[in-house]
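Asker: Got a structure for you, written out below as structure tokens; questions coming shortly.
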Amino acid sequence: MTGTPILHADLDAFYASVEQRDDRSLAGLPVIVGKGVVLACSYEAKAMGVRTATGVRQALAICPEAKVVPPRMEAYSEASARVYEIFARFSPVVEGLSIDEAFLDVQGLEGISGDPVETAEGLRAAVRKEVGLSISAGLASTKFLAKIASAQAKPDGLLAIAPDSEREFLGPLPIEAVWGVGRVTSGKLRSIGITTVGELADSDPTVLARVTGRSAAERLVALANNCDPRPVRPRDPRKSFGAQSAFPAGSLEPDEIRATLASLVDRATGRLRGARKLTRTVTVGVRFADMSRATRSRSLETPTDRTDLVLEAARELLDSAAGSEMGDLTLLGVALGNLEADRAVQMELPLDREQNDSDPEAPGSLDRALDDLRGRYGTEAVTRASLVDKRGTGATPVLPE
Ligand SMILES: [Mg+2]
């Protein structure tokens, strides 16, 4: 088959499948992963009407026989890493979308893993055999269509859309299948009689624009006609740089917790700069004395490796996650995700790195000076002023925060 160069691969009911894989007594049963809230559920639970992001109690009212298991994020990360290793074996261009989902460019691999259908089948078999999980795949000429195809192939299926049958395949699908058509847009489209992708494809953008606005109208009509020029771009969303610190409840004052946050951000951004990466998403996680957890994330306007910018976001996230319970914390963690290679972004910046380096006032130059000192004298050599005060180690060289 030619003309289907994009593969969308998506693990089936990922968290719940890992639980069923690791505990055979759960196989074939409705499984809910979550504590207060349903994070994920097995196909058996979905069939009974259980939905993610609802309360566990509510889900059990619908499906009383469901087995509820707490999430084991480490097991999921480990499974994801193994699946991503398999992705990398089957294509040199992998664009990770999440822990369990990626686009792969599978054109021109005839001599390596076969034509696109053979590649997809080989990948599915490898994930099944080596990781013990089922993964569904969609093959098409665009990302838009490949993602729809994998959703239609679930569970444990492969659907390849040949270029000459794209319109035929898309036409009868409900408009909600189109990326970006959520509840609001769907309501607007339905109010003017557009219910299928085919109707959307044939609609007049100027008429559509009256209900959705012009740019949305153009984008929707283009997608419905399978016009999606976005290529598969290498990206690994699993990778993040993090740092965390655990302490007994009540042992730190709120100020000391904020100082700990600064040191964690410092450590994480140092590792980020060391790897020549920039982050787009800052996450702060906390654990309370009763073992409950809270996590807050924020996307940054532009990707950065600067300690000050990340710390600014992290402080707000900590306040939002811990609120007035700051004294109750027993663990504080920072993770920097959604990484990009430093070079790609540098090209978009008006100043280049060398120019920055020679100007001590330039943003980021303090970070690099600190990294440099730590590189030469060890990580304890330099500490931000807010940390030194708390530890009372006045002998340490201090640089202003
Ligand atoms: Mg999935």
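Asker: Which of (1) modelled with pLDDT under 85; (2) outside the structural domain of G323 (by TED's automatic domain parsing); (3) surrounded by 19 or more Cβ atoms within 10 Å (Cβ to Cβ) does R235 not meet, given it meets every other one?
Answerer: Failed condition: (3).
Asker: Only residues in the range 74-94 that are under 19 Å from D105 (Cα atoms) count as the first member; pair them with residues that are aromatic (F, W, Y), Cβ under 7 angstrom, at least 6 apart or cross-chain, and list the lot.
Answerer: Matching pairs, first to second residue: V94/F87.
Asker: To continue, here is another question. In the range 241-259, how many are surrounded by 20 or more Cβ atoms within 10 Å (Cβ to Cβ) and of a type in the set (S, T, N, Q)?
Answerer: Matching residues across the range 241-259 total 0.
Asker: Within the range 29-40, count every residue that is buried (at least 18 other Cβ atoms within 10 Å of the Cβ) and more than 19 Å from the chain's Cα centre (by Cα).
Answerer: Qualifying residue count for the region: 3.
Asker: If you don't mind, another one. Consider the range 1-56. How many of its residues are assigned to a loop (DSSP other than H, G, I, E, B) and not acidic (D, E)?
Answerer: Going residue by residue through the range 1-56, those that are assigned to a loop (DSSP other than H, G, I, E, B) are 1-5, 12-13, 23, 27-30, 35-36, 42, 48-54.
Narrowing the set further to residues that are not acidic (D, E) leaves 1-5, 13, 27-30, 35-36, 42, 48-54.
The qualifying residues number 20.
Asker: Shifting gears a bit: Among R82, R89, R57, which is the only one that is farther than 30 Å from L29 by Cβ and surrounded by fewer than 20 Cβ atoms within 10 Å (Cβ to Cβ)? If you could, list the steps in order and put the result at the bottom.
Answerer: On the way: R82 fails: farther than 30 Å from L29 by Cβ; R57 fails: farther than 30 Å from L29 by Cβ.
Only one candidate qualifies: R89.
Asker: Considering the range 106-121 alone, what residues qualify as being polar (S, T, N, Q) and at pLDDT below 80? Can you show your working first?
Answerer: Of all residues in the range 106-121, those polar (S, T, N, Q) come to 107, 113, 119.
Within the range 106-121, just S113 meets the criteria.
Asker: Now a separate question. Taking the condition basic (K, R) and over 27 Å from V18 (Cβ atoms), does R124 pass? Don't jump to the end; show me each part of the working.
Answerer: Details: basic (K, R): yes; over 27 Å from V18 (Cβ atoms): no.
Taking the combined requirement at face value, the residue does not satisfy it.
Asker: When only residues in the range 98-108 that are crowded, with 16+ Cβ neighbours inside 10 Å and outside any loop (DSSP other than H, G, I, E, B) count, which is nearest to the ligand (Cβ to nearest atom)? Working first, answer last.
Answerer: Going residue by residue through the range 98-108, those that are crowded, with 16+ Cβ neighbours inside 10 Å are 99-107.
Still in the running and outside any loop (DSSP other than H, G, I, E, B): 101-105.
Values: E101: 5, A102: 10, F103: 13, L104: 15, D105: 20 Å.
Looking at residues that are crowded, with 16+ Cβ neighbours inside 10 Å and outside any loop (DSSP other than H, G, I, E, B), I get E101.
Asker: Taking the condition in the same structural domain as L339 (by TED's automatic domain parsing), closer than 30 Å to R89 by Cβ and of a type in the set (A, V, I, L, M), does A275 pass?
Answerer: Details: in the same structural domain as L339 (by TED's automatic domain parsing): yes; closer than 30 Å to R89 by Cβ: yes; of a type in the set (A, V, I, L, M): yes.
When the stated conditions are applied, A275 passes them.
Asker: Kindly check whether there is at least one residue in the range 73-93 that is on the phi < 0 side of the Ramachandran plot, more than 16 Å from the ligand (Cβ to nearest atom), at pLDDT 95 or above and outside any helix (DSSP H, G or I).
Answerer: no
Asker: Looking only at the range 1-43, which residues are among the charged types (D, E, K, R) and either touching a His at 6+ places or on another chain (Cβ under 8 Å) or within 16 Å of the ligand (Cβ to nearest atom) (or both)? Quick ask: steps written out before the conclusion?
Answerer: Narrowing the range 1-43 to residues among the charged types (D, E, K, R): 10, 12, 19, 21-24, 35.
Of everything in the range 1-43, those that are among the charged types (D, E, K, R) and either touching a His at 6+ places or on another chain (Cβ under 8 Å) or within 16 Å of the ligand (Cβ to nearest atom) (or both) turn out to be D10, D12, E19, R21.
Asker: Of the residues that sit in the range 109-124 and are of a type outside the set (D, E) and without any contact (Cβ under 8 Å) to a residue 12 or more places away in the chain, which one is farthest from the ligand (Cβ to nearest atom)?
Answerer: Initial filter on the range 109-124 (of a type outside the set (D, E)): 109, 111-114, 116-117, 119-120, 122-124.
Okay, now just the ones that are also without any contact (Cβ under 8 Å) to a residue 12 or more places away in the chain, so 111-112, 114.
Details: G111: 30, I112: 26, G114: 24 Å.
Across the range 109-124, the extreme among qualifying residues is G111.
The values are calculated or read from the model by the stated rules, or taken from the named source; none is laboratory data. Note that the coordinates shown come from a computational prediction; the quantities given were computed from them, not determined experimentally. Note that we place each Cβ from the backbone using ideal geometry, even for glycine, and neighbour counts take in every protein chain shown.
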